[in-house]
Amino acid sequence: MKKMTRMLIGGLMIMALIGTSLAWGAPRKTTVTILAGLSSTDDGMQEIITKAVAAKYPGITLQWEALGWSDNFHPKMQQYIQTGLPDIIVGKAQDVATYGGQGLLADLKGKKYLTRVLDAAIPGVTIKGKTYGLVYNCLYQGVYYNRKIFAENGLKVPITHAELAKVIGTLKAKGITPFATHMVDTWSIGNMTMQFAINDVFSKTPTWGDQFRAGKVSFATSAAYKKCYEYNKLLFDNTWSRETFSLPQADCDARMVQGLAAMKVSGSWSIQNFMNVDPNFDFGVFPFPNQTGDAKLIFEPNMTWMKSARTKHSAQVDQVFDVLTSDKKAAIAFLNLTKTSSMLKGVSPTFPNPSQKDIDKYAAAGKLIDANSGNNQLQWGGFQDENAKDIASWLQGTMTLKQALEAADSRRAISKP
């Protein structure tokens with residue numbers, strides 16, 4: 001009995017010593033879980049962010065679950081909505097419209113770290129006065145073009161449809177493929193179609209999606225949206241039609257760098273591929289011409305950090321967001337990796353970007369338009385993605401254009417973000 005008593009007392013003393021060491025010595029670790037929906041250029045940023053957080057807050061451990069945003073992010077979010085969200089969700093700015101109004105995300109308004117973000121980043125992630133996202137970087141979307149090919153053939157950047165037709169005609173006459181077009185991935189078709197719609201539909205009727213759900217407009221009867229579908233046919237007819245549904249994105253981008261095509265409707269995500277092939281490749285960017293000749297370059301707030309409304313580690317999440325916005329060295333490393341532009345004040349990437357002078361020109365002229373003007377009107381996952389599949393079927397001859405447009409109308413109920 002005495003032996004057991006001595007053992008019990010000894011155990012209690014050891015436990016007391018351990019508790020004292022935790023209180024006075026090494027800090028307790030907090031694991032912050034992250035679900036990250038990554039764009040094609042983002043993989044590798046986890047190491048940059050993890051290292052930066054560990055340097056300032058060694059008591060925080062980041063546990064990542066990284067997957068492709070276009071294919072797997074939204075289905076995974078639906079699973080987590082049922083079982084409980086991770087502490088941090090990393091998606092795109094448009095995801096705030098999808099999840100912010102459901103009570104799933106915490107309001108970040110008033111946090112010091114939001115003052116370090118550009119003012120332009122706030123409206124797109126704010127719903128009814130509550131800010132649900134921290135936008136970290138941005139992309140630009142339009143027509144990327146080979147400056148050398150344009151210069152050698154006396155081509156000017158087209159503004160109207162007639163000017164674009166002239167550029168295409170000149171290139172074809174000289175044996176140059178006008179467009180490098182990547183359609184093997186549904187997201188690429190969906191992205192191009194939304195680019196067209198932003199300048200042809202949503203810039204003219206900002207509430208087109210709401211009117212669509214109210215039955216006031218439809219895809220089948222909208223001349224403007226029909227035209228947006230037809231632009232895909234224009235690209236398909238002026239690219240490698242036999243390969244566009246099998247050519248991987250990196251190979252498609254490489255062909256443009258190699259001078260095998262002059263233009264590509266894309267976004268900043270192609271820059272990484274361009275520079276992997278040739279760091280000295282000279283390229284520019286311009287808006288795809290719309291029907292009224294006043295198209296704007298599309299600006300897309302991209303990687304967006306969101307806090308779960310039910311996280312048990314709110315303070316630690318705020319510390320992670322503090323690092324994101326205050327560690328300029330880490331931010332520049334991230335921007336240089338992804339070949340994107342910054343949404344933080346006083347932070348600019350250092351990689352050479354030949355298209356930056358075009359971006360600056362359109363910005364100075366007030367000719368930028370937010371991609372969320374369309375993405376916040378029509379849901380990406382089950383709606384835009386399914387529409388893109390129908391466009392692919394139409395281009396491949398298994399569906400008519402009329403059927404593709406009517407199919408979009410049949411999904412009216414799931415079109416709301």
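Readers should treat all values here as calculations from the given coordinates under stated rules, not as data from a laboratory. Predicted, not measured: the structure shown is a model, and the values here were computed from it. Quick reminder, even Gly has a Cβ in these numbers, built from the backbone with ideal geometry, and neighbours come from all protein chains shown.
How are the Cα pair distances of the chain distributed, in percent, across 20 Å bins from 0? All Cα pairs considered, the percentages come to 25, 52, 17, 5, 1, 0. Normalised by the number of residues in segment 363-417, the average gap of Cα pairs under 8 Å and 6 or more apart makes the relative contact order 47 percent. A Förster distance of 41 Å, applied to the separation of the beta-carbon atoms of residue 345 and residue 294, puts the FRET efficiency at 0.85. Extents of segment 220-275, taken as max minus min of Cα coordinates on every principal axis and listed largest first, are 42, 25, 18 Å. Computed over segment 180-286, the P(r) tail beyond 22 angstrom holds 40 percent of alpha carbon pairs.
Could you compute the FRET efficiency for residue 360 and residue 28, with r as their C-beta to C-beta distance and R0 at 41 Å, rounded to 0.05? Working from the Cβ atoms, E equals 0.30.
Ordering 40, 222 by the number of other Cβ atoms within 10 Å of each residue's own Cβ, fewest first, gives 40, 222.
Dividing the convex hull volume of the alpha-carbon atoms in segment 74-132 by its residue count gives 88 Å³ per residue.
How much mean residue ellipticity at 222 nm does the chain get from its helices, if each DSSP H run of length 4 or more adds -39500 (n - 2.57) and you divide by all residues, to the nearest 500 deg cm²/dmol?
-12500 deg cm²/dmol, from helical runs alone.
Classified by the C-alpha gyration tensor, segment 22-168 has a prolate form. Its axis ratio a/c, with a ≥ b ≥ c, is 1.5 or above, and a/b is larger than b/c.
One equal scatterer on each Cα of segment 297-401, no solvent, Debye formula: the resulting log10 I(q)/I(0) at q = 0.19, 0.21, 0.24 Å⁻¹ is -1.10, -1.15, -1.22.
I'd like the distance separating the alpha-carbon centroids of segment 60-123 and segment 154-229, in whole Å. The two parts, judged by their Cα centres, are 30 Å apart. Remark: relative contact order (the chain) = 25 percent; criterion is Cα-Cα distance under 8 angstrom and separation of 6 or more residues. Here the simple spin-label model places points 7 Å from the Cα toward Cβ, and for residue 277 and residue 156 these points are separated by 2.8 nm. Taking the square roots of five times each eigenvalue of the Cα gyration tensor of segment 268-327, the equivalent ellipsoid has semi-axes of 37, 20, 9 Å, listed largest first.
In summary, the helical segments of the chain meeting the span-like criteria, namely a full DSSP H run, a Cα extent along the axis of 27 angstrom or more and a mean Kyte-Doolittle hydropathy of at least -1.0, are 2-24.
Taking every DSSP bridge with both residues inside the chain, close to 60 percent are antiparallel. Taking the Cβ-Cβ separation of residue 80 and residue 214 as r and a Förster radius of 25 Å, what is the calculated FRET efficiency to the nearest 0.05? It comes out at approximately 0.20. For segment 204-248, the alpha carbon convex hull comes to 117 Å³ per residue, rounded to a whole number. The lysines within cross-link reach of residue 233, meaning a Cα-to-Cα straight distance under 18 Å and a gap of 8 or more places when in the same chain, are 166, 172, 264, 389, 402.
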